[in-house]
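Just so you know, all these numbers are worked out from the coordinates, no wet-lab data involved. Quick caveat, the model's predicted, so the values are computed rather than measured. Cβ placement follows ideal geometry from the backbone for every residue including glycine, while neighbour counts extend to all protein chains displayed.
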Amino acid sequence: MQEFKIENLSDATLCGALDALGEEHYIASNGLLVPKRNKANVGWLNSVRCDVDFHGRDALSASELEIKILQFQIALVECCIPAPSIIVRSGQGFWPHWLLREPSSDRSVVASLATIEQWARISAALTQWCKDHGFPTVDCATSENRGALTRLPNSIHAATKTRVTYTINVGALYTLDEIEAAFPTAIQDQHQPEAHEYASYVEYEPETTHEQVTGRRRGWDALVAQRKLDFRQLIAMRGDRVRLGARHAHATILAMLLSGSPGRDATVGRFGANTCEPPMTVAEVLRALDHARKVRKMRDTTIGRKLKITPEENEWLAGDYLTPKPKRAAFKNQKQTREARRLRVKHFVAEHGTHSAREIAKALGYPRGSVMRDLAALSANRDPNTVSIGSTLQMQSDPLERETLSAAT
């Protein structure tokens, strides 16, 4: 598969390039901010599409495919759905595209969190409509597929060896609202009413106190609730503004704290648009959301370092984001077990001489990793009058163990 990039080509050059196309050439359906196909780089929504595919046992001949396309168009008319702007005959099926425009102009729709969500709802409803009317589709309903590709005209489908052709309905441009209105029943079940727009994240958060939250929750839930309130308090102390250089960290921490909450993406989007200076772009918000999905838990001191909390600010917060927590001491029985095992390893080396960690572990019935740590600890704290534990470490029969133990010591 080759991805075809159009960069400042004249009409004549483009036509010549299309005439010379071979097999499997594609172009991104939506506009990209940079010449790299990635969902976070989509800056404009050019079309809504679905992939009607007849492959395998359902493969159709060219004439049968044309009949299916005609039936598809008739079904659209019967359901009062606007005619597609472009129908791409892809070789084993067809891809209808509805070209999009802004409400006030013929330019492509700017990708924002609101337009991406609406685009995803329409794609899901369109895919479901096709399945309900007997047109098998490849599911492209989620916003993750806004960076999907489309076959270039006159390119060759590798499996069927047929040329890709376009049927263009000139002037057929639609707004997202016009297409969404054609699927009121299908979209109604998926659409959730959006929260009101607020001037800042601080006004969006419900009023609550630490006493109310901690009295109602325990453990991890209570900690997350406390951190949400501290985050809100911190933003308020900083004048409801996050400056350039700290926007990504704040948006990532907020997304992590709101993990699992309904409307998290929209809340982070409003935070980036209304609280950050300059406002975060859609791509920057999406990168913060993707980063937050990779973080499961975070220490208070890590949050304090990323948000650059000062000692004065830390005094006003319920949590302590500057003082590292002391390392938890070993349990009494755990400590006794470790000391007893280490003593047995020391006596074994004293009685039997040099052996590998694998041999000692097998003889004493301990895990090899535990024995390696014991040998390293004994070597660091050895008594010069006792047997040289260091010689045992240096004369390991297993090269991998020798390298690991040298690193440990």
Whole-Å semi-axes of the ellipsoid equivalent to segment 27-136 (Cα gyration tensor, √5λ, descending): 27, 16, 12
For segment 301-316 versus segment 72-147, the gap between their alpha-carbon centres in whole angstrom: 47
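Full extension from K131 to S112: what is 0.36 nm times the residue separation minus their Cα-Cα distance, to one decimal in nm?
Contour length minus Cα-Cα distance gives 4.0 nm.
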Set K228/K325; K36/K228; K39/K325 screened for pairs whose C-alpha atoms are more than 32 Å apart: K36/K228; K39/K325
Sequence-distant residues sharing a close amide H with I86 (under 5 Å, placed H): H97, L99, N169
Inter-probe distance in nm under a simple model that places probes 7 Å from Cα toward Cβ, at R287 and A181: 3.9
For segment 22-148, with +1 on Lys and Arg beta carbons and -1 on Asp and Glu, the positive-most of V110, I81, V52 along the dipole: V110
Percentage, to the nearest whole number, of Cα pairs in segment 276-315 over 16 Å apart: 54
Additional length obtainable on full extension of the chain from S261 to L70, 0.36 nm per residue less Cα span: 64.3 nm
Segment A159-T337, extension gain: residue separation times 0.36 nm, minus the distance between their alpha carbons: 57.5 nm
Where labels lie 7 Å past Cα in the beta-carbon direction, separation of T301 and Q233 in nm: 2.1
Reciprocal of mean inverse Cα separation for segment 30-80 (Kirkwood radius, Å): 14.0
Efficiency of FRET between V34 and A59 - r from beta-carbon atoms, R0 35 angstrom, step 0.05: 0.40
